[in-house]
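Enquirer: To start, I am sharing the structure in question, which I have written as structure tokens.
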Amino acid sequence: MFYKTVDDVPAQVEYVDATFAQKGCISRLNILSHGGKLVDASTGTEIGSTITIGKQGESIRSDDFDPAGNLTNSANAQATKSLLDALKRVLCRGAKRFFSACNQGTGELLRDISRYLDNDVEVNGFSGLGNPVTSGDRTYVNGERR
């Protein structure tokens with residue numbers, strides 16, 4: 001086991017590709033991150049959740065995905081796609097991918113990430129406040145709640 005801090009999405013993608021692509025696959029990946037509510041700026045209405053993944057304020061957001069769980073064409077969604085595609089290349093079938101992200105509500109974002117990663121990869125996070133060293137109360141595999 002080792003720890004690595006990578007501060008932005010392009011660096012994360014480059015690190016994952018360079019470190020793991022030629023060396024097999026990852027069976028468990030803990031992503032220490034912050035989560036929060038995604039709020040529509042014009043109405044103040046909660047519309048989903050976010051998972052912040054870098055010092056640059058980059059995040060995976062509920063609105064990166066359409067209602068069917070497909071990635072949209074927004075600039076943020078394309079950065080999300082880049083990161084998730086890099087992870088797809090290196091995660092073992094049935095891998096466990098754990099976010100320490102809090103405030104994932106009913107888990108739609110975690111569900112969409114798990115659906116996109118497919119391959120029986122487990123995606124886990126917290127509906128409310130969480131603890132970065134324990135498993136969350138929201139787990140999805142291939143887009144299905146476990």
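Enquirer: Of the residues Gly69, Gly44, Gly48, only one is in contact (Cβ under 8 Å) with a residue 40 or more places away in the chain, assigned to a loop (DSSP other than H, G, I, E, B) and at positive phi; which?
Expert: Values: Gly44 fails: in contact (Cβ under 8 Å) with a residue 40 or more places away in the chain; Gly48 fails: assigned to a loop (DSSP other than H, G, I, E, B).
Among Gly69, Gly44, Gly48, only Gly69 is in contact (Cβ under 8 Å) with a residue 40 or more places away in the chain, assigned to a loop (DSSP other than H, G, I, E, B) and at positive phi.
Enquirer: Moving to a separate point now. Would you check which residues across segment 24-49 are surrounded by fewer than 17 Cβ atoms within 10 Å (Cβ to Cβ), under 21 Å from Glu122 (Cβ atoms) and not aliphatic (A, V, I, L, M) and list them?
Expert: Matches in segment 24-49: Gly24, Cys25, Ser27, Arg28, Asn30, His34.
Enquirer: Of the numbered conditions (1) modelled with pLDDT under 90; (2) under 18 Å from Tyr116 (Cβ atoms); (3) not in a strand (DSSP E or B), Leu29 fails exactly one; give the number of that condition.
Expert: (3)
Enquirer: Identify all residues within segment 125-135 that are within 15 Å of the chain's Cα centre (by Cα), at pLDDT 90 or above and not in a strand (DSSP E or B); write none if there are none.
Expert: Of the residues in segment 125-135, the ones within 15 Å of the chain's Cα centre (by Cα) are 125-127, 132, 135.
Okay, now just the ones that are also at pLDDT 90 or above, so 125-127.
Phe126, Ser127 - these are the residues of segment 125-135 that are within 15 Å of the chain's Cα centre (by Cα), at pLDDT 90 or above and not in a strand (DSSP E or B).
Enquirer: Conditions: (1) closer than 17 Å to Thr139 by Cβ; (2) modelled with pLDDT under 90; (3) in contact with a Gly (Cβ under 9 Å, 6 or more places away or on another chain). Glu122 meets all but one. Number of the miss?
Expert: Only one criterion is unmet by Glu122, namely (2).
Enquirer: If I go through segment 65-119 residue by residue, how many of them are surrounded by 14 or more Cβ atoms within 10 Å (Cβ to Cβ) and among the acidic types (Asp, Glu)?
Expert: Going through segment 65-119 one residue at a time, the tally reaches 3.
Enquirer: Which of the residues that make up segment 120-138 are of a type outside the set (S, T, N, Q) and either closer than 22 Å to Val39 by Cα or surrounded by 17 or more Cβ atoms within 10 Å (Cβ to Cβ) (or both)?
Expert: Within segment 120-138, Val121, Glu122, Val123, Gly125, Phe126, Gly128, Leu129, Gly130, Gly136, Arg138 meet the criteria.
Enquirer: Next question, about the same structure. For segment 100-117, which residues satisfy the criterion of being in contact with a helix residue (DSSP H, G or I) (Cβ under 7 Å, 6 or more places away or on another chain) and either closer than 17 Å to Val39 by Cβ or outside any helix (DSSP H, G or I) (or both)?
Expert: Hits for segment 100-117 are Gln104, Glu108, Leu109.
Enquirer: Another question about this same structure. List pairs: first in segment 96-110 and in contact (Cβ under 8 Å) with a residue 40 or more places away in the chain, second of a type in the set (Lys, Arg) and not in a loop (DSSP other than H, G, I, E, B), Cβ under 7 Å, 6+ apart or cross-chain?
Expert: The qualifying pairs are Lys96/Arg28; Asn103/Lys37; Gln104/Arg138.
The values are calculated or read from the model by the stated rules, or taken from the named source; none is laboratory data. Nothing here was measured: the structure is a model prediction, and the numbers come from that model. All Cβ positions, even for glycine, are placed from backbone atoms using ideal geometry, and neighbour counts span all protein chains on display.
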